[in-house]
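First up is the structure itself, then whatever we jot down about it.
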Amino acid sequence: MDSFFPEGARVWLRENGQHFPSTVNSCAEGVVVFQTDYGQVFTYKQSTITNQKVTAMHPLHEEGVDDMASLAELHGGSIMYNLFQRYKRNQIYTYIGSIIASVNPYQPIAGLYERATMEEYSRCHLGELPPHIFAIANECYRCLWKRHDNQCVLISGESGAGKTESTKLILKFLSVISQQTLDLGLQEKTSSVEQAILQSSPIMEAFGNAKTVYNNNSSRFGKFVQLNICQQGNIQGGRIVDYLLEKNRVVRQNPGERNYHIFYALLAGLDQGEREEFYLSLPENYHYLNQSGCTEDKTISDQESFRQVITAMEVMQFSKEEVREVLRLLAGILHLGNIEFITAGGAQIPFKTALGRSADLLGLDPTQLTDALTQRSMILRGEEILTPLSVQQAVDSRDSLAMALYARCFEWVIKKINSRIKGKDDFKSIGILDIFGFENFEVNHFEQFNINYANEKLQEYFNKHIFSLEQLEYSREGLVWEDIDWIDNGECLDLIEKKLGLLALINEESHFPQATDSTLLEKLHSQHANNHFYVKPRVAVNNFGVKHYAGEVQYDVRGILEKNRDTFRDDLLNLLRESRFDFIYDLFEHVSSRNNQDTLKCGSKHRRPTVSSQFKDSLHSLMATLSSSNPFFVRCIKPNTQKMPDQFDQVVVLNQLRYSGMLE
């Protein structure tokens, strides 16, 4: 050992299946002490050290490289060490072949996103300047003409890794570069479209983002932004497709989290007159905002957010009346949450203040609202049958009303944005996908199941593109290459989406009124217990597990059927259609309580489309769009879970590298 690795030598130390960049601290009396660059100390007897245990580090690794495909030793340890080296020098972008890794600095870096930086990158080819998200955006733009096909950028990563910011930076860059291609006269005309696309961000963030444990500005929906580029190179229109808004957040949040930003912005930003008109006070006074114990965030100015949203809505040509309608609906939701129930021969509403205010703001009759919340109305053989509800059922009715109002309002806002940014689609497009990363919490619900299903599909696309197509390309060019052993997740996807797969069984059970979460779990176990990718837990009685590409996740079956059915009682729907406000009537005019296309085999009963079947359809449509485009991949990485600058936690980073498929 002495002759090979003197004190101070730089080596790779293999420990627990991981390579650590280390220094030989001391080597005396047959004992060697290694110190890793991450602060750990390991001690070994010299006689036990093998070549597998310790290898010399190539000098190139000390410097760090722009493109990790050029590393002399390529393994998880060297990839992570390279990111660590660059992160310490505020070089947050690094290439891995055709992928760019972006490590969130959790602090501004001077000069990184200036206008001059954009212009510099717009004049250079990929690889001529240091790695940057602008270089990827520029290459994507140039490929419209080089390759003559549509382009797309897939931005992935955990919550808090920087996906939303990356999306905004790409949009900003493409807006600037497309302006450069025009003469002044045309610039005026197209800049209004680009301005509108950029201004859609503050609106979507206010309505679709919230503070979570992981991230102060977490997108609680997925989005695909498509920009239509004309032959001359400027943006002439676009559209936004949204996926899976987390509706539950409107009515409940985990401790330390907040509801959607827009509610706090509303309370902080309205002037005194409007506040009184909407009966509004402080966030602490609303059940939908105070139950998590967190109503403010030091990093967010709710007042400033409100100003930005109102300005953005003006740019997007929302009329003053429309803005007012939206704000009034939001205030109505807050008061709805304050309606309390007591038991007196069924649920009763003891205090009428919140009821009166929400009825007034939503344009409803207070008596009809009371009836709809406290009893269920059914028509049986032409007669109306009224059944009193329990307090819990009444709370569920109130919450489903609030969630439906918010979800329809969110849809309306996206539709309004799309009508403003619509333009010709006669040449090529660039799509930017910013969608939830893989999630694995203490307790995982229906939302996590859908999110991880989406990630599984995107990983399949990533694998197919990066590994299968690259290897095909090598063969075509007659290059000698070593077969890469990458994780094919096709079987896991079959488990989820094939005939009699998890999705099919969940949907089938959702259509049986008598089915419960327990009967669903029994069916899942009996159908899939022998599938290698399915986990039937020995202990947990309410769980089933799936071995995803990123690791095993246990899902809690409780609440899955209810969330998947997304039932909105007909009498609640009819109540909203009785609203004296056209805005609310219009939101629910085309919400069908039954779906005519999707009928049962017997043909008599009409089925509602379930949440997961709608999501599966929109995911397949997204995959079709992506498959006909040339992709670029941005992998966002968070260096620690505390959202702190200058802290690099190698365990946290290694997990994300594994999840993302970058180690392969």
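No lab work stands behind these numbers, since they all come straight from the coordinates. Fair warning: this is a prediction, and the values are worked out from it, not measured in the lab. Quick reminder, even Gly has a Cβ in these numbers, built from the backbone with ideal geometry, and neighbours come from all protein chains shown.
Results, tabulated for the structure shown:
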item: Gained length - LEU74 relative to ASN440, 0.36 nm times residue gap less alpha-carbon distance; result: 129.0 nm
item: The range 31-104, dipole about Cα centre (Lys/Arg Cβ +1, Asp/Glu Cβ -1), debye to the nearest 20; result: 260
item: Inter-site label distance for ILE385 and ASP488 at 7 Å from Cα along Cβ, in nm; result: 5.5
item: Computed P(r) (all Cα pairs; the range 184-264; 10 Å bins; percent); result: 16, 39, 23, 16, 6, 0
item: Average Cα contact separation per residue, the range 84-169, under 8 Å, 6 or more apart, as relative contact order %; result: 21
item: Alpha carbon centroid spacing (whole Å) that separates the range 185-254 from the range 371-401; result: 37
item: Set of aspartates and glutamates with alpha-carbon distance to LYS498 below 19 Å, sequence-local pairs under 8 removed; result: GLU456, GLU460, ASP488, GLU508, GLU509, GLU522, ASP598, ASP617
item: Value at 222 nm in deg cm²/dmol, rounded to 500, when DSSP H runs of n ≥ 4 in the chain each add -39,500 (n - 2.57); result: -13500 deg cm²/dmol
item: Global form of the range 258-316, assessed from the alpha-carbon gyration tensor, a/c cut-off 1.5; result: oblate
item: Per principal axis, descending, Cα span of the range 121-235 in whole Å; result: 46, 33, 23
item: The range 62-121: Cα Rg divided by the 2.2 N^0.38 Å rule of thumb; result: 1.21
item: Estimated FRET transfer efficiency (ASP646, GLN368; beta-carbon r; R0 51 Å; 0.05); result: 0.30
item: Extended-chain gain in nm, criterion 0.36 nm per residue less alpha-carbon gap, HIS511 and LEU112; result: 138.3 nm
item: log₁₀ of I(q)/I(0) at q = 0.06, 0.08, 0.12 Å⁻¹ - the chain, Debye sum with one point per alpha carbon; result: -0.40, -0.70, -1.42
item: Other-chain or far-sequence residues with amide H under 5 Å of SER159's (modelled H); result: GLY437
item: Förster radius 60 Å - calculated FRET efficiency between GLU128 and GLU15 (Cβ-Cβ, nearest 0.05); result: 0.95
item: Cα-based helix-to-principal-axis angle, 320-337 vs the chain, degrees rounded to 10; result: 90
item: Percent breakdown of C-alpha pair distances by 5 Å bin, ordered from the shortest bin, for the range 424-465; result: 5, 18, 20, 18, 13, 11, 8, 4, 2, 1
item: Residue-by-residue Karplus 3J(HN,Hα) for the range 241-257, coefficients 6.51, -1.76, 1.60, Hz, glycine and proline x; result: 10, 10, 10, 6, 4, 7, 5, 3, 4, 4, 10, 8, 9, 6, x, x, 10
item: For the range 327-388: rounded, prolate or oblate by the Cα gyration tensor [a/c cutoff 1.5]; result: oblate
item: Between helix 353-362 and the chain: long-axis angle, C-alpha atoms, 0 to 90°, nearest 10; result: 80
item: In Hz, Karplus ³J(HN,Hα) per residue of the range 84-100 (6.51, -1.76, 1.60; θ = phi - 60°; x = Gly, Pro); result: 4, 4, 6, 4, 4, 9, 6, 9, 7, 9, 8, 8, 10, x, 8, 9, 10
item: Protection proxy ranking, peptides 257-269, 384-396, average beta carbon neighbours within 10 Å, highest first; result: 257-269, 384-396
item: Assigned charges on the beta-carbon of Lys, Arg, Asp, Glu; the chain dipole about Cα centre (debye); result: 900
item: Acute angle (nearest 10 degrees) that the helix 650-660 long axis makes with the longest principal axis of the chain, alpha-carbon atoms; result: 70
item: Contour minus Cα-Cα distance for LYS320 and SER628 (0.36 nm per residue); result: 106.8 nm
item: Sequence ranges 453-465, 136-148, 505-517, ranked by mean other-Cβ count within 10 angstrom, highest first; result: 453-465, 136-148, 505-517
